[in-house]
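Asker: Right, I'll just put the structure down here and ask away after.
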Amino acid sequence: MGWDAIVVGGGFGGLTCAAYLATHGYRVLVAEQHDVAGGNGHVFRRRRTYEFDVGVHYLGDCGPDGTLPAVLSGLGLRDRVRFLPMDQDGFDRIVLPSLAVDVPTGWPRYRDRLVRALPVETSGIDEFIRICSSICDPVRTASVESLLANPELTGWRRRSLSELFDHCGLTPRARTVLAAQAGNYGAAPSKITVGNHLDMLDSYLRGAYYPEGGGQTMVAGLVEVLESHGGELRTRTPVAEILIEDGRARGVRLTDGAIEHAPLVVSNADYRATVLRLAGGARNFPQALIARTERAAMRSAVVVLYLGLDRRFELPNANLWWHPTEDVERSWAGLDAGEMPDTPSLFCSFASVKDPYSTTCPPGHSNLQLITLAPTGYPWGAGDYRRDSNYLAAKRRWAAAMLAAGERALGPLRGSIVHQELATPLTQRRYVGSSGGTPYGVANWGGISRRPSFLTPVAGLYVVGQSTRAGIGVAGTMIGGALCAGEILGRDVLSEVRAGTVFANTSLLPDRTRGWDPLRVSRGIARRDARGLARIDRR
């Protein structure tokens, strides 16, 4: 029996779209190649002791009237996913050699912190804040007309962040502070639009949060909605081909040769892989689209050092953005040239501080991630995790450099390390299948920060995920999933859930018994009790 829709890939965008379609009566199959659904939202466990989030480190705009809670609420998940507030007086600490800035909620307080740290830059900062807050306010209040009516503000949204810095007459040090959180989207000021930067920054200025239990709890909630409304998640089910006949999607062929039929296919796989390989490339797409996709550059990849420590850190509930230099544009130039920095900049995230009562680590221990951007085209080697000597040597070099930088940023670490491992762009490519090993998707698709829509020239074929126009990160991909579902359903899903509409039949959602494990749920019904599930010794 065929399906009404098949979703290729079980990341946040694909699962959100699938869940919304399922609540409208569609029989939906989600085919996920990995052992567990979630994409960059999944977690992994080590030593039955530590649980590490791959891509969920903090989320913005998750208060009672936030967009992400509204998307979840429309699926009946408002009470199943709780968001823990970080320190709203300083959720991000930006540290440069000569200054530190604690980023608080609210544009006025953000402006005051910047001026206090950089008093000689007051006029430039005020101009920057004036333009940015004027762009964000209409978006926040859904008064798009007021934004479109002001050509100056509309124009700024589409120009590069570097151009805005130039306009404001800001020094390299001020630019470094203002772009210090660029690791949230993986692009240099010259390669990101003001609008994209503000989509990130403004969401956090509305409040920074962490999902209780980590990102896998959000994934599991989406899986519960899908399955309870007649859909199915199949993990370890890679798709070899999206079937297209006479210009229309017809289903998918799996790598084991099995064929699943559906008149509607939504690809949450990597966009370049979808267009150039899975969906047949030039056989099914206009040559102009193929050429644009082939030329599309990817945003920066990352290197992540995961650490389990046998002591707790007495820290505020905040991230640390640590930069060893005060010229962000020069640092990006080095990355673009493929240079490994002697001392990398770091994003430091303590999951055990954000969610102290979860299973991220044992009592008295710390769960720490050190993250840095990877140089373009860095020679990682073949990526054989056990045998490639070049790859293993590269991992050792990066681990040593990041650990040394981490000790400069946080103090001594080595004597407390119980668990340590490094993930590279090849790790990302192996588990998530992303081009260039980046978690941020396409950098440009025919223009700075331009990205494809979820619509494609093939009837019945849609795309969602990090590379699409809806945005980057968890919120962007989930919003994109809801928008894509709305396009298919012919209704404004996002506006309706913001107004309080709940599409799910909440009475169908399963009870969560004691010992409920989001990682187990995220394997899908067929593999829920299969061997190989990593567990945590509950305390």
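Throughout, read-outs are computed from the coordinates displayed, never taken from laboratory work. Nothing here was measured: the structure is a model prediction, and the numbers come from that model. Quick reminder, even Gly has a Cβ in these numbers, built from the backbone with ideal geometry, and neighbours come from all protein chains shown.
Asker: For the chain, with only Lys/Arg (+1) and Asp/Glu (-1) charged at the beta-carbon, what is the dipole magnitude about the Cα centre, in debye rounded to 20? Could you put the intermediate results ahead of the total?
Answerer: Details: 61 positive and 54 negative charges, 261 e Å.
The calculated dipole for the chain is roughly 1260 debye.
Asker: Fewest first, what order do V521, V81 take by the number of other Cβ atoms within 10 Å? Don't skip to the end; give the middle numbers.
Answerer: On the way: V521 24, V81 20.
In order of increasing Cβ crowding within 10 Å: V81, V521.
Asker: In Å and on Cα atoms, what radius of gyration and Dmax does the chain show?
Answerer: 22.4, 69
Asker: To continue, here is another question. Taking amide H positions as placed in the peptide plane 1.01 Å from N, state which residues far from I448 in sequence (5 or more) or on other chains have amide H under 5 Å from it.
Answerer: Distant-sequence amide H within range of I448: zero hits.
Asker: Any chance you could check the Cα centroid distance between the stretch 305-382 and the stretch 11-85 for me, in angstrom?
Answerer: 23 Å
Asker: Which value, in Å³ per residue, describes the convex hull spanned by the Cα atoms of the stretch 265-328?
Answerer: Details: hull volume 12.7 nm³, N = 64.
Cα convex hull per residue, to the nearest whole number: 199 Å³.
Asker: Quick check on the exposure proxy: order I6, I131 from fewest to most C-beta atoms within 10 angstrom. Walk me through the numbers on the way to the answer.
Answerer: On the way: I6 27, I131 19.
In order of increasing Cβ crowding within 10 Å: I131, I6.
Asker: Apply the Karplus curve 6.51 cos²θ - 1.76 cosθ + 1.60, θ = phi - 60°, to the phi angles in the stretch 427-442 and return the couplings in whole Hz, x for Gly and Pro.
Answerer: Calculated HN-Hα couplings, in order: 5, 4, 5, 5, 8, 10, x, 8, 4, x, x, 9, x, 9, x, 5 Hz.
Asker: Cut-off is 10 Å between beta-carbons; in what order do K395, K354 appear when sorted fewest neighbours first?
Answerer: Working: K395 22, K354 27.
Sorted ascending by nearby Cβ count, the order is K395, K354.
Asker: What's the local net charge at R408, with K and R +1, D and E -1, over the other residues with C-beta under 13 Å away? Before the final figure, lay out each step's value.
Answerer: Values: positive: R414; negative: D342, E407.
Here the count lands on -1.
Asker: In whole Hz and in residue order, list the ³J(HN,Hα) couplings for the stretch 316-329 that follow from phi through the Karplus curve 6.51 cos²θ - 1.76 cosθ + 1.60, θ = phi - 60°; x for Gly and Pro.
Answerer: x, 7, 8, 7, 10, 9, 10, 10, x, 10, 10, 9, 4, 5
Asker: Using every pair of alpha-carbon atoms in the stretch 291-358, split the distances into 10 Å bins beginning at 0 and state the percent of pairs per bin, rounded to integers.
Answerer: Pair shares across the bins are 14, 36, 27, 18, 5, 0.
Asker: Ok, one more. Using only alpha carbon pairs under 8 Å that are at least six residues apart, calculate the relative contact order of the chain and give it in whole percent. Working shown, then result.
Answerer: Values: 1128 pairs, mean separation 134.0, N = 539.
Here the relative contact order equals 25 percent.
Asker: Another question, if that's okay. What is the local net charge at H24, summed over the other residues whose Cβ is closer than 10 Å to its Cβ (Lys, Arg +1; Asp, Glu -1)? Please report the intermediate quantities before stating the final value.
Answerer: Numbers: positive: R491; negative: D4.
Net charge in that neighbourhood comes out at 0.
Asker: Applying the Karplus parametrisation 6.51 cos²θ - 1.76 cosθ + 1.60 with θ = phi - 60° to the phi angles of the stretch 474-482, what ³J(HN,Hα) value in whole Hz is obtained for each residue in order, glycine and proline being reported as x?
Answerer: 4, 4, x, 6, 5, 4, x, x, 5
Asker: Let me ask something else. Going by amide H atoms built from the backbone, whose H comes under 5 Å of the H on N319, apart from near neighbours?
Answerer: Close amide H contacts, sequence-distant or interchain: D92, R93.
Asker: Restricting to the chain, compute how many DSSP beta bridges are antiparallel as a %, nearest 5. All intermediate terms of the calculation are to be shown ahead of the outcome.
Answerer: Values: 49 of 68 bridges.
In the chain, DSSP labels about 70 percent of beta bridges as antiparallel.
Asker: Let me ask another. Taking the convex hull of the alpha carbon atoms in the stretch 415-528, what volume per residue do you get, in Å³?
Answerer: On the way: hull volume 26.7 nm³, N = 114.
Per-residue hull volume (Cα only) is 234 Å³.
Asker: Which far-off residues, 5 or more places away or on another chain, put their amide H under 5 Å from the one on V302, with H placed in the peptide plane?
Answerer: The list, which skips near neighbours in sequence, is A374.
Asker: Per residue, what volume in Å³ does the Cα convex hull of the stretch 302-423 take up?
Answerer: Values: hull volume 13.4 nm³, N = 122.
Spelled out: Cα convex hull of the stretch 302-423, divided by residues, is 110 Å³.
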